[in-house]
Amino acid sequence: MAWILIGTFIALILCRVPISIAIGMATVLTFVTSDFSNALQIIPQQMLEGVNKASLTAVPFFIMAGNLMNVTGVTVRIFAFANALVGHFKAGLAQVNVLSSMIFAGISGAAVADCAGLGAIEIKAMRERGYKPDFAAAVTVASSVIGPLIPPSIGLVIYAFLAQQSIERMFLAGLVPGILVGLALMLYIRLRAGFEDFPTQPRATVREVGQTAQHGFAALMAPAIILGSIMFGFVTATEAGVLACIYCIGLGIWYRELTLAKFSQALSDSAMMTSVIMIIIAFSIAMGWLLAIDQTPQKLADWTFSLTENRNVFLGLLLVFIILVGCVVEGVPAKLILVPTLLPLIDAYGIDRVHFGIIIQLGLLIGIATPPMGIGLYIVSKVGGVSFEKVTVAVLPMLLPLFAVLLLLTYVPLTVTFLPDLILGKQ
């Protein structure tokens, strides 16, 4: 049964069928050919039970917060502040690109929002200063990987739901890895600037830094308010999403940028994105139920143990597998399919579930900058007016620092678990 399910799903993906439809069709076809074919009502039951979870209510609010940030001028202020801080460095605007993504990550938690919102501003500014368009687009898509790592993160909310971990612990676990990815990209850009002639700009005065900080102060406080309110127990993750939306609406009114038309657009985009994610989750839950009935996780564990009982070797194989999956399947559906299947294996090897959550999060995130299915490549290609092929070639060297951080996080678990264990205590 598992082979029919997986084979049908892969075949549909190769035929460029949308992920949500591919999962649903593969599940229904497998169900019809199984011993449960006379009980099709099980599929909608599993779908409804799957999405009827309180923890998932955080997802639409964080999506809405990110969309509101894009329509209220907050992204422009974040970019201006980052430019005043590091714009004078070698390859300064490329460094600004990465730093802006790190700041914006603390608000939106979505790579797509980063590419589409900040990307338009960053690529335009870099092109005007003389950077090659393909390089500007490549830096933008590589730095967007930071968004779903630094809390709040939609991907980590979904993983916490799947792995039965607290959202607060997952948010804390993603903070250090997100900062490490940003620093690794900035180091790569600095080293590359030693061999290439990138445009430079004058150092901002203290007054200019102060002015941009003052103009963007309210926006810069958003990550601290969102994360701090969760960590100190004032709100739950879902309530923090609501708080983020209210705060973003307040910023839009304060900056006099939020109009009824912009608010309506943000609401419409959020509803559409939430609907797609929930449909994928619903179908994935039904698919996971079929795999569980077929005892696929247990069979996979037995097969893997027959290959190696060495934890480090297993982690290496796991990384290769996750990255390959991330190249062809988007992060949310890939996580929904893989996590329930791999968790018994993760537990058998004694790997911390929080640690594994960050590994699979970053491993799949790298896929947004990797052909052939990298959604980030398509977005920056459209936003920046650069051909998909040129962006793909330009981004390949920038994957090296991402892979380096992924290896570090995988084989040094303390980089992930130290902060949540320190603040929330060991599990």
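Data overview
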item	result
Segment 229-287: C-alpha gyration tensor shape, a/c 1.5 cut-off, then a/b vs b/c	oblate
Between 0 and 90°, nearest 10: helix 414-424 axis offset from the chain longest Cα axis	90 degrees
Efficiency of FRET between PHE305 and GLN164 - r from beta-carbon atoms, R0 22 angstrom, step 0.05	0.40
Sequence ranges 182-189, 16-23, ranked by mean other-Cβ count within 10 angstrom, highest first	182-189, 16-23
Solvent exposure of the chain as accessible area per residue, Å², 1.4 Å probe	43 Å²
Shape call, segment 245-373: gyration tensor on alpha carbons, a/c limit 1.5	prolate
Zone of ALA271's modelled label, taken as backbone nitrogen in segment 231-258 under 19 Å from a point 7 Å along Cα→Cβ	242, 245-246, 249
Surface/4 estimate of mean projected area, convex hull on alpha-carbon atoms of segment 182-246, nm²	7.0 nm²
Nearest 10 degrees, 0 to 90: helix 133-143 Cα axis against the chain principal axis	60 degrees
ILE179-VAL393 pseudo-label distance in nm [points 7 Å out on the Cα-to-Cβ vector]	3.8 nm
Label-point gap, in nm, between GLN41 and VAL235 - each point 7 angstrom along Cα→Cβ	4.1 nm
Table column - 3J(HN,Hα) (Hz), segment 165-174, Karplus curve with 6.51, -1.76, 1.60, x for Gly and Pro	10, 6, 4, 4, 5, 5, 4, 5, 5, x
Carbon + sulfur, % of accessible area of the chain - ligands and nucleic acids excluded, 1.4 Å	68 percent
Förster radius 51 Å - calculated FRET efficiency between THR205 and PHE321, Cβ distance, rounded to 0.05	0.50
Distance in nm between pseudo-label sites at ILE6 and GLU257 (7 Å out along the Cβ direction from Cα)	4.6 nm
Cα gyration tensor shape for the chain, rounded if a/c is under 1.5, else prolate or oblate	prolate
Rounded FRET efficiency, nearest 0.05, which uses the C-beta distance separating LEU407 from ARG129 and R0 of 45 Å	0.85
Gaussian network model of the chain, Cα within-10 Å springs - most flexible of ASN312, ASN70, ASN97	ASN312
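The values are calculated or read from the model by the stated rules, or taken from the named source; none is laboratory data. Being a predicted model, the structure only gives us computed values, none of them experimental. We place every Cβ from the backbone using ideal geometry, glycine too, and count neighbours over all the protein chains shown. Heavy atoms of the whole protein, side chains included, go into the accessibility calculation; ligands, DNA and RNA do not. Shrake-Rupley method; radii C 1.70, N 1.55, O 1.52, S 1.80 Å.
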